[in-house]
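Since the structure comes first, as structure tokens, the remarks are kept for the end.
Where a number appears in this text, it was derived from the coordinates with a stated rule and is not lab data. The structure presented is a predicted model; accordingly, all values stated were derived computationally and were not measured. When we count neighbours, we look across all protein chains shown, and the Cβ atoms used for this are built from the backbone with ideal geometry, even at glycine.
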Amino acid sequence: MLPLRVNSQVFKELQISLYDIFGYLLPGAIIFFALVVIFWSLFWPTLPLALKSSLPLMAIVGLIFGAYLLGHLGQGIGNLVEKLPVVKRRREANLPLSAELAELVRDAVAVRFGKKARSLNLKDISLLCDQALVFAGSSGDREIFVYREGFYRGNSVALALLAVALMLRLAVGSPTLVAFECAQVEIHRSQVALAVLIAGFGALLSFLRYLRFGDHKNSTCVTRFLALASEQLHEKEKKSS
């Protein structure tokens, strides 16, 4: 049993490390590039944007650390997304289940937490079920859905900011020049407009995926709680008989 526990702990730490990379560093890098485009468009619109293929080690470390911090900032902005009316209605109105299954969940919640709990909204019911599962040591795929929900939420914010930055660059009207170490490339307005569409579409898709994994997180949480409550009830009936 000991090797299994060690492997489980190592796997959990690996998941956290991967989430740091994909949940914070990747969106942070997009936000960093968007901020570069914004400053470039506002203060140096006629100068070429210089991109270098090689940088000193300290500069690379600084860029990575800055992108990581910006990723946390993006997740902070993403928390404000949860206050949008469309998100609040989706998270609090109804359980993402069939009507019959939702009734079974509410019945199980009422048995565990009292009759008043039956009339709670989805957000509160999911919170109660989640904590009950954590207490029982039966979290299942909870962390996976939490990580993916956060990943897509952060990416939706980062790509939306990138789309805004590119629209600002498009509105400046000056020639868009990108200077590499070996050549200087002129990017036409049509290409910038296409990049705006791609970034905006990516932000929309990421937002929809964020909502989808939020629904998965809530539905699996409440149905797992229902399965656990049914199993406990069955064991009580076997002992009493």
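On the beta carbon distance between Ile77 and Ile21, with R0 = 30 Å, the FRET formula returns roughly 0.95. Here the Karplus relation 6.51 cos²θ - 1.76 cosθ + 1.60, evaluated at θ = phi - 60°, turns the backbone of region 63-68 into coupling constants of 5, 5, 5, x, 5, 5 Hz, with x for every Gly and Pro.
Extension gain, Glu100 to Lys116, is 3.8 nm, computed as 0.36 nm per intervening residue step minus the present C-alpha separation.
In the structure shown, the pairs Lys115/Lys217; Lys88/Lys115; Lys88/Lys217 are assessed against 18 Å; a Cα-Cα span above that value is assigned to Lys115/Lys217; Lys88/Lys115. Under 5 Å between amide hydrogens, built in the peptide plane, is the criterion, and for Leu49 it picks out Leu177, Val178, Ala179 among residues at least 5 positions away or on other chains. A DSSP coil position with no more than 10 other Cβ atoms inside 10 Å describes the following trypsin sites (Lys or Arg not before Pro) in region 49-121: Lys52, Lys83. Taking the fewest neighbouring Cβ atoms within 10 Å as the starting point, the ordered list for Arg212, Arg224 is Arg212, Arg224. Note on Val134 and Thr46: the model spin-label points, each 7 Å out from Cα along the C-beta direction, lie 5.8 nm apart. Estimated from the Cβ-Cβ distance and a Förster radius of 51 angstrom, the FRET efficiency linking Arg189 and Asp107 is about 0.25. Inter-label distance, Arg90 to Ala227: 2.5 nm, where each label sits 7 Å from its Cα along the C-beta direction. Across region 111-121, computed HN-Hα scalar couplings (Karplus, 6.51 cos²θ - 1.76 cosθ + 1.60, θ = phi - 60°) run 5, 7, 10, x, 5, 5, 5, 5, 9, 5, 6 Hz from first to last residue, x flagging Gly and Pro.
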